[in-house]
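First up is the structure itself, then whatever we jot down about it.
Any read-out appearing in this document is the output of simple, stated calculations on the displayed coordinates, not a laboratory observation. Source: prediction; values computed, not measured. Every residue, glycine as well, gets a Cβ built from its backbone with ideal geometry; the counts of neighbours run over all protein chains shown.
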Amino acid sequence: MIRTILHQLWNQRRQNGWIFLELLVVSFFLWTVIDPIYVLLANRAIDRGYNPEGLYVVNIGMYDETNGNFNPGMASDSMNLVAYRRIVRIVREQPEVDSWTISANQSFPNSNSWSGTQLFADTASLHKGEGYVHAQWYNFITLDGSNLLRTYGMKDARTGGDIQLPEQTQGKVFLSERLARLLFGTVDVVGKKVYEDDEPSEVVGVFRDFKHRDYEQPYPLIVRMYDDIYGSPYMAWMYPFVIRLKPGVDESAFKQRFQQEVGPQLSVGNFYFDSLKKFSALSEAYAMQSGVTNKLRLQYALTGFALLCIFLGMVGTFWIRSNARREEIGVMRSMGASQRCIVRQFLIEAWLLLTLAFILVIPLLLYHAQANGLYAVEMNRYFVPNPAYGQNRFGFHFMVVLIISYLILLLIALIGTYIPVRRAARTLPADALRDE
């Protein structure tokens with residue numbers, strides 16, 4: 001059958017020529033459309049490194065001089081500190097709260113704030129200014145049992161269990177798995193020192209890689225701990241806190257009770273209760289405010305539109321090609337060919353035509369990828385892609401997009417061929433010939 005099909009394609013080379021050219025163009029275009037979608041979906045599939053389930057953010061506001069509720073007698077830094085600590089005790093002592101943390105304002109997934117630093121593994125590289133690793137940093141206050149890593153659900157890189165804080169936290173840090181490997185080549189780094197501006201910090205743990213933004217890859221991250229909090233007119237903005245509910249807690253009932261009963265108790269000094277929001281909802285709101293969400297939606301919409309156009313165009317092309325050969329199908333049926341045999345022959349023809357065109361366009365795609373680079377989500381200029389992720393390896397990335405593009409085109413071609421050919425093959429030979 002293959003020899004007959006090849007002979008048929010050659011005899012109809014003029015009729016198939018324009019379809020072949022269309023396949024070449026569409027194959028190239030589809031690859032460029034699939035490339036960014038593959039990267040975005042692959043990045044999103046990476047484990048976030050934290051668990052947002054059961055997490056809530058208690059938002060506290062603060063009155064200023066322009067507000068009628070402002071209390072000048074409670075406006076000093078020391079009184080702000082006293083009032084804030086009282087709020088903290090009220091929140092953490094709620095029976096539904098399993099763990100909680102006071103985090104810095106930039107230490108929140110998808111937040112618009114982003115802080116980075118340069119870290120060195122030894123003093124020699126520090127003084128030479130070479131061999132540093134650029135890392136993002138989070139920090140939190142360890143006051144009254146505050147634990148950012150446990151509250152966020154960050155896990156130990158080696159054991160996969162919860163991360164415990166040391167008794168003494170000042171001058172000690174936690175590293176992400178990626179940061180530990182870049183600095184020391186291993187995750188077994190507890191007790192080692194990292195240096196920043198001649199200031200050493202002791203590593204007391206390594207956690208699994210953490211994604212600050214959902215659409216990006218994990219950035220090397222260092223988590224610092226501070227054992228005290230300082231009074232400031234900006235405390236409500238500087239020191240938000242997050243709570244994790246105990247397993248089995250009715251979140252709807254908790255939220256209602258908190259807002260009605262606990263919220264009024266948080267109006268202390270010049271502080272007031274603003275809102276209680278789900279951790280995931282606030283994270284999504286931050287992403288929306290940054291404009292990233294709309295950019296991604298536009299990317300997905302344009303890709304969807306391009307795929308729809310390709311689908312309609314390709315299906316139409318193969319549909320017309322198959323309908324134009326109804327007379328040939330009638331002759332084949334009159335000579336005893338079964339419906340299944342006819343459908344199989346036309347499907348193989350479509351497959352061969354598409355495959356040949358796709359093979360010929362591969363060198364052009366490879367040149368394009370090498371000359372212009374594969375798609376990558378823009379990140380900090382210091383970012384070093386992790387080769388453990390397939391989208392960061394050129395060969396793997398290129399082949400995955402190539403295979404996906406080929407399978408999409410193949411599916412479209414087979415659909416555009418199967419339906420009209422099957423319909424024509426079911427027609428009686430005399431009717432098919434009379435229609436022609």
* Structure fact -> The size of the Cβ-based charge dipole (Lys, Arg +1; Asp, Glu -1) of segment 55-290 about the Cα centre, to the nearest 20 debye, is 480
* Determine the shape class of segment 55-290: with a ≥ b ≥ c the square roots of the Cα gyration tensor eigenvalues, call it rounded for a/c under 1.5, and otherwise prolate if a/b is greater than b/c, oblate otherwise. => prolate
* Asked: Is it possible to state the helix-based mean residue ellipticity at 222 nm for the chain, with each DSSP H run of 4+ residues giving -39500 (n - 2.57), the sum divided by total residues, to the nearest 500 deg cm²/dmol? What is it?
  -> -16000 deg cm²/dmol
* With +1 on each Lys and Arg Cβ and -1 on each Asp and Glu Cβ, and nothing else charged, work out how big the dipole of the chain is about its Cα centre, in Debye to the nearest 20. => 2220
* **Sequence-separation-based contact order of the chain, relative, with Cα cut under 8 Å and 6+ spacing, percent** => 25
* Asked: Can you name the helices of the chain, as whole DSSP H runs, whose Cα span along the helix axis is 20 Å or more and whose Kyte-Doolittle mean is not below 0.0?
  -> 13-45, 77-92, 292-323, 339-372, 394-425
* lysines whose Cα lies under 26 Å from that of LYS278, excluding same-chain neighbours fewer than 8 positions away -> LYS155, LYS211, LYS246, LYS255, LYS295
* **Range of Cα positions in the chain per principal axis (Å), largest first** => 99, 57, 41
* To do: Please check the chain for the longest run free of chymotrypsin sites (Phe, Trp or Tyr not before Pro) that are loop-located per DSSP (anything but H, G, I, E, B) and have at most 15 other Cβ atoms within 10 Å.
  => 235-381
* To do: Putting +1 on Lys and Arg Cβ atoms and -1 on Asp and Glu Cβ atoms, find which of GLY68, LEU366, PHE140 reaches farthest to the positive end of the dipole of the chain.
  => LEU366
* **Stretch gain in nm, segment MET74-ASP228, where the contour uses 0.36 nm per residue and the Cα spacing is subtracted** => 53.4 nm
* Structure fact -> Rounded to the angstrom and largest first, Cα extents along the principal axes for segment 76-132 equal 50, 30, 24
* Structure fact -> For the chain, whose charge dipole is built from +1 on Lys and Arg Cβ atoms and -1 on Asp and Glu Cβ atoms, the candidate among ALA236, PHE254, GLN339 with its Cα farthest towards the positive end is GLN339
* Structure fact -> Lys and Arg at +1, Asp and Glu at -1: neighbours of TYR84 with Cβ under 13 Å from its Cβ sum to +1
* **Given charges at Cβ of Lys, Arg, Asp, Glu: segment 60-134 dipole, positive-most of ALA104, ALA121, ILE87** => ILE87
* Structure fact -> Listed by chain and number, the aspartates and glutamates with an alpha carbon less than 17 angstrom from that of LYS192, same-chain partners under 8 positions apart left out, are ASP122, ASP156, GLU177, GLU202
* Net lengthening on full extension, HIS368/LEU308 (0.36 nm per residue, minus Cα-Cα) -> 19.2 nm
* How much length is gained if the chain between GLU284 and ARG158 is pulled fully straight, taking 0.36 nm per residue apart and subtracting their Cα-Cα distance, in nm to one decimal? -> 42.4 nm
* **Mean separation of Cα contacts under 8 Å (6+ apart) over length of segment 55-290, as relative contact order %** => 37
